[in-house]
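Notes for the one structure printed next.
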Amino acid sequence: DSLYSIAWMYGLDYQQVAQVNHIAPSYRVHTGQKLQLRPRSDTATSIIQTTSIAPAPATLQQQPALTSAVQAPTATANAQPTKATAAQVISAPASGSIMPPPGTTNTVAGITWTWPAQGSITNGFASTNLNRGVDIAGKLGGPVIAAAAGKVVYAGSGLRGYGQLVIIKHTDEYLSAYAHNQKLLVHEGQVVRLGQQIATLGTTEANSPVLHFEIRQNGKPVDPLKYLPGR
């Protein structure tokens, strides 16, 4: 299990979950460890137990409720990377980069964003649980690139409904996710540049080749179209 993936699964800020459980960077969790998701004074408090057993299916359309004895997504209990400083991101190697053409970026919240894949949007963002991001139809095996510079904090298939998934941390406040990939080209702890290829577009837990893309601010889904450049 990963603290980042657990927080993502429940729509929470990973820093808040870490604070409640007195977990310091590098946010390491262990198999069998019980985690409190919210402060005990919160009426929605729930405790989960990290496990190596896959949870019950949870699709993008229906996230699991915060009830007791809920099992977290499958993943290894490896140590998570330390925070990436701005200097570390800027000095990341340029190898494997597919830098976006001029005029195809947009800077919001101090972060420069670009489209993570080529293709048309088949499903837009909804403020409800129906869709927490946008779905971009594309060609099987096509490039999936980092929408902004940052550090990979999750790379795997432990979250049901997301398939092969990459989560990138851009700042303490912002993370982005890339789901349904055919093949992952990055690993946890790797620093990536804006426009660097991180995966190939796929169909894992999707009916056709599509990239499901999300941006979250302090754990809460936001509309990616308010951050990505206009087309």
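For the range 178-189, name all the residues that are surrounded by fewer than 19 Cβ atoms within 10 Å (Cβ to Cβ) and not hydrophobic (A, V, I, L, M, F, W, C). Residues satisfying the conditions are Gln182, Lys183, His187, Gly189. Apart from one condition, Leu165 fits all of (1) in a loop (DSSP other than H, G, I, E, B); (2) modelled with pLDDT of 65 or more; (3) open to solvent by less than 60 Å² (accessible area, probe 1.4 Å); the exception is (1). Remark: Gln197 falls outside the filter, which requires a residue to be more than 12 Å from the chain's Cα centre (by Cα) and closer than 22 Å to Pro25 by Cβ. For Val186, the test of being in a strand (DSSP E or B), in contact (Cβ under 8 Å) with a residue 24 or more places away in the chain, over 20 Å from Lys226 (Cβ atoms) and among the aliphatic types (A, V, I, L, M) is failed.
Restricting the range 210-231 to residues that are assigned to a loop (DSSP other than H, G, I, E, B) and open to solvent by less than 40 Å² (accessible area, probe 1.4 Å), which is farthest from Gly161 (Cα to Cα)? The selected residue is Pro229.
Restricted to the range 138-154, and to residues there that are of a type in the set (A, V, I, L, M) and open to solvent by 30 Å² or more (accessible area, probe 1.4 Å), the residue that is nearest to the chain's Cα centre (by Cα) is Ala149.
The values are calculated or read from the model by the stated rules, or taken from the named source; none is laboratory data. Model, not experiment: these values are computed from the prediction. FYI the Cβ positions are ideal-geometry reconstructions off the backbone, even for glycines, and counts take in every protein chain you see. Please note that ligands, DNA and RNA were not included when accessible areas were found on the heavy atoms of the full protein model with its side chains. Shrake-Rupley method; radii C 1.70, N 1.55, O 1.52, S 1.80 Å.
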